[in-house]
Amino acid sequence: MEVIIRTDAGSGCMLAAKMISRLVRTKPGCVLGLATGNTPRPMYQELVRMHKEEGLDFSRVSTFNLDEYVSLPPGHPQSYHHFMDINFFNHVNVPRAKIHIPNGMAADIPAHCQEYENQIRSAGGIDLQVLGIGLDGHIGFNEPSSALSSRTRIKTLTPKTVEENARHFKDAAQVPRHVITMGVGTIQDARQCLVLAFGERKSGVVAKMVEGPVTAMIPASALQLHRSAIAIIDEEAARQLTMIDYYRWVYANKPEWQKCE
Ligand code: F6R
């Protein structure tokens, strides 16, 4: 896995936005896999700025979000549909018909999950999947012990994730226990994965993801098997990495054509 260490979250998100904009410019009909959460918010802000000020055109782009809470309707303020609308889709020109987010209100959840997988395949597969990482090592909502070959399905959140996400709700009792999430295998099928993690509190799990054993107990560690996974992290999240000097060295010595500055 390639590790890029930036001074802070802001510059990490700027770099992520640049990588996405480069893809959108070189492949206007690309398929983006998107994440919610606090981490990528500044990345979406930068993409919105690029759209408004630099004409970055999303009119041929398709998107697939990682996950959604079961039982929250799209208009619910804590739904991931709502998050994506207010942070991104309401401000750019991705056609509504090309936006895909799991439907937490689906009557037949297994059939809906299968259909989601089919839609990703029909769109040609995901070119670039944006990911955050949970404190317990989840990507999407693949909690520890998730099968590393899993596909889109219903998952039960761990009490730790419920507690972690309670800050967005009135209290923990309101956080849905179930989610629909792309599986680890679905994520692994993306042509490129971009994981963002910032802040000291993520440093332990980042070290496990990058340098620990590949294990279902840290689903993000499966990205070590991905042919093109990049972790963009800040100095604080990098603190527990043992090969930190090497990651800096690799980035400093990158061939010009590989850089995205
Ligand atoms: C969100 C998602 C989650 C988050 C993770 C980190 O769509 O799939 O895996 O990326 O929980 O959340 P934040 O960024 O809020 O720390």
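Summary table below
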| quantity | calculated |
| --- | --- |
| Highest-MSF residue in the chain out of H76, H178, H138 [GNM, Cα springs under 10 Å] | H76 |
| Residues of type lysines that K155 reaches as a straight line, Cα spacing below 29 Å, ignoring anything fewer than 8 places off in the same chain | K98, K170, K202, K208 |
| Mean separation of Cα contacts under 8 Å (6+ apart) over length of the chain, as relative contact order % | 25 percent |
| Electrostatic dipole magnitude of the stretch 2-253 [Cβ: Lys, Arg +1; Asp, Glu -1; Cα centre; debye, to 20] | 400 debye |
| Accessible area in square angstrom per residue, the stretch 1-112, 1.4 angstrom probe | 41 Å² |
| Residues in the stretch 144-168 reached by a label modelled at V214 [backbone nitrogen below 15 Å; 7 Å Cα→Cβ] | 147-150 |
| Approximate shape of the chain as ellipsoid semi-axes (Cα gyration tensor, √5λ), whole Å, largest first | 26, 23, 17 |
| Accessible area of the stretch 119-261 divided out per residue, in Å², using a probe of 1.4 angstrom | 45 Å² |
| Separation of the D85 and R239 label points, Cα + 7 Å toward Cβ, nm | 3.9 nm |
| Accessible area in the full protein assembly, largest first, 1.4 Å probe, for W257, W249 | W257, W249 |
| Net charge of Cβ neighbours under 14 Å - reference H82; Lys, Arg +1; Asp, Glu -1 | -2 |
| Listed residues Y246, Y251, Y69 arranged by accessible area, highest first, probe 1.4 Å | Y246, Y251, Y69 |
| Accessible carbon and sulfur surface of the chain relative to its total accessible area, %, 1.4 Å | 53 percent |
| As computed over the stretch 70-137, the Cα convex hull volume per residue (Å³) | 135 Å³ |
| Axial C-alpha extent at least 18 Å, average Kyte-Doolittle at least -1.0 - helices from the chain (DSSP) | 9-26 |
| Cα centroid separation - the stretch 96-111 against the stretch 4-57, whole Å | 24 Å |
| Amide H contacts of A229 (H built 1.01 Å from N, under 5 Å, at least 5 apart or other chain) | E2, C193 |
| Listed residues M84, M105, M1, M19 arranged by accessible area, highest first, probe 1.4 Å | M105, M1, M19, M84 |
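The values are calculated or read from the model by the stated rules, or taken from the named source; none is laboratory data. Everything numeric in this text was worked out from a predicted model, so none of it was measured. Because the Cβ atoms are built from the backbone with ideal geometry, glycine has one as well, and the counts that use them run over all protein chains shown. These area figures cover heavy atoms from the full protein model, side chains too; ligands, DNA and RNA do not enter into them. Shrake-Rupley method; radii C 1.70, N 1.55, O 1.52, S 1.80 Å.
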